[in-house]
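Taking it in order: structure first as structure tokens, then the write-up.
Rule-based calculations on the coordinates, nothing more; no lab input. Just so it is clear, the structure is predicted and the values come from calculations on it, not from any experiment. FYI the Cβ positions are ideal-geometry reconstructions off the backbone, even for glycines, and counts take in every protein chain you see.
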Amino acid sequence: MKTKISIFFLFCTVALSAQQKKWTLKECIAYAIEHNISIQQSELDIEVAEINKNDAIGTFLPNLNANVRHSWNTGLNTNPVTNTNVTATTQNTNFGISSSVVLYDGLKNINRLHRSNLLLLANQYQLEDMKDNISLRIANAYLQILFNRESLKSLQVQNSLNEKEYERTKELVKEGVKPKGDILEIEATMAKQEQDMVAMENNLTLSKLSLFNLLALDNFEGFDIAISDVTMEENSIIFESPTSVFNKAVNFRNDIKLSEVQIQLAKNDLKIAKASYLPTLTGSFGFSTNYFQSKLLNLPSFRDQVDNNKGHAFGLGLSIPIFNRFQIRNSVKRNKINVKSAQLNLEQSKINLRDKVQQAYNDVQGALKTYQANEKTLIARKEAFKYSEEKFNVGLLNAFNYNQIKTTLENAEISLIRAKYDYLFKIKVLEYYFGVPLQ
């Protein structure tokens, strides 16, 4: 009985721990990369590229084929011993093996192997680029949860202060120090604040659901992220110029590397196309023997026949292209165009990257200035509220104006929180272009 109770509590503990798991940003990114369907498909593309590379290696090797043929003949046949025609029922078995190898094909096989290596590299760059993009999406969703959580906490603190203010004002109204209208004004403010908290709670749930869907988890109940104390700290990257960020990004960005590999692929395909103008030399070897059988004829044994009838064949074949309806010429022209197109794609990718870096840099500078402005605004709003509170307490300010000033302060606090997380995400984007891993 004690054992059953222990097992029961063990399962309860495990289930409770699973529900109380708090996801860190690092865990979210790692899980998304491992379970994302698009990334898994890209990994399968790499496996296919590995197989294609193995195919390209195989083209350097000779093939080897074996063949066996058995036939029955009734009627006039040739006696293989006397070389005379006889009427009999005979059986004939032929055995053979053959092999051929390409000795020269204008270096097509070498270039095809090179192409398979480039395709494998391109798929790897594409996979890494997808991982980078999903990491940024996870970071954005994660920070959105933190923003909503901190905003909700700010509203809850203000609501707690309003409840205390409400109780204090009730006492002052009873004593005749404050008019009854002040109570009604505070109640209206608290009702509006409750609406704001409900809306923010809903936003928090939706932001968690967004991250949950990105992770493709199974059970939303109990899903939450780790509590993080996110603070504003000076980041050295804001002192980097857009040019220095771009120069670093262009050397490690996977989308740029992918465009560079695509140029190499196009040039390699052009070499393969031009190789079709050249002759192809192949070598071949064959071995064959046969066995003849008939009940009416006195024939040598199976072993003797196989040994006596064996034959070897060696050969060289040369194929010289002369005219093939412009196919080779047009293929070369198409691949030349593909090379130019790939080069233009690389230039466009660099232009796009430069624009993104410049935009990210401008966004960070703008977000930092917005945060600093909101910080100054909040300080001023706090001073204004402190002064208004003193006036309200001595009856020099009515409840309506007092609550208006308090609402302005609350809005300033939310605006500062929003500016903080906007800056944090934008600085992460700029760091991403500078090669700093997401933390």
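Tabulated results
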item: Relative contact order for the chain, counting Cα pairs under 8 Å that sit 6 or more residues apart, in percent; result: 23 percent
item: Fluctuation leader among Thr189, Thr407, Thr289 - the chain, Gaussian network, Cα springs under 10 angstrom; result: Thr289
item: Residue among Leu113, Leu44, Leu215 with the largest mean-square fluctuation in a Gaussian network model of the chain, springs linking Cα atoms under 10 Å; result: Leu44
item: Simple Cβ-charge dipole of the stretch 111-189, Lys/Arg +1 and Asp/Glu -1, about Cα centre, in debye nearest 20; result: 460 debye
item: Nearest-0.05 FRET efficiency for Leu316 and His70, computed from C-beta distance (R0 30 Å); result: 0.40
item: On Cα atoms only, tilt of 180-215 relative to the major axis of the chain in degrees; result: 10 degrees
item: Length-normalised contact order of the stretch 56-184 in % [C-alpha pairs under 8 Å, at least 6 apart]; result: 19 percent
item: Computed E for Ile379/Lys26 - FRET, C-beta separation, R0 35 angstrom, nearest 0.05; result: 0.50
item: Full-extension gain in nm, Lys248 to His35, via 0.36 nm per residue minus C-alpha separation; result: 73.7 nm
item: Full-stretch length increase - Asn63, Leu44 - with 0.36 nm per residue and alpha-carbon distance subtracted; result: 4.0 nm
item: Distant-in-sequence amide H partners of Arg253 (H built 1.01 Å from N, under 5 Å); result: none
item: Relative exposure of Tyr142, Tyr402, judged by other C-beta atoms within 10 Å (fewest first); result: Tyr402, Tyr142
item: Radius of gyration, Dmax [the chain; alpha carbons; angstrom]; result: 40.2, 142
item: Gain on full stretching of the segment that runs from Ser236 to Asn324 - 0.36 nm per residue minus C-alpha separation; result: 25.3 nm
item: Per-residue Cβ neighbour rank within 10 angstrom, fewest leading, Thr89, Thr377, Thr231; result: Thr231, Thr89, Thr377
item: For the chain, share of DSSP beta bridges that run antiparallel, in % to the nearest 5; result: 95 percent
item: Nearest 10 degrees, 0 to 90: helix 25-35 Cα axis against the chain principal axis; result: 30 degrees
item: Net charge dipole size for the chain [Lys, Arg +1 and Asp, Glu -1 on Cβ; Debye, nearest 20]; result: 1920 debye
item: 0 to 90° range, to nearest 10: angle between helix 37-58 axis and the chain longest Cα axis; result: 20 degrees
item: For the stretch 41-172, with +1 on Lys and Arg beta carbons and -1 on Asp and Glu, the positive-most of Leu76, Ala56, Gln156 along the dipole; result: Leu76
item: Relative contact order for the stretch 52-119, counting Cα pairs under 8 Å that sit 6 or more residues apart, in percent; result: 41 percent
item: Residues in the stretch 167-181 reached by a label modelled at Thr408 [backbone nitrogen below 16 Å; 7 Å Cα→Cβ]; result: none
item: Distance between modelled label sites at Thr282 and Leu103, nm, 7 Å Cα→Cβ extension; result: 1.4 nm
item: Gaussian network model of the chain, Cα within-10 Å springs - most flexible of Ile145, Ile351, Ile33; result: Ile351
item: FRET efficiency estimate (nearest 0.05) - Cβ-Cβ, Asn219 to Leu136, R0 35 angstrom; result: 0.85
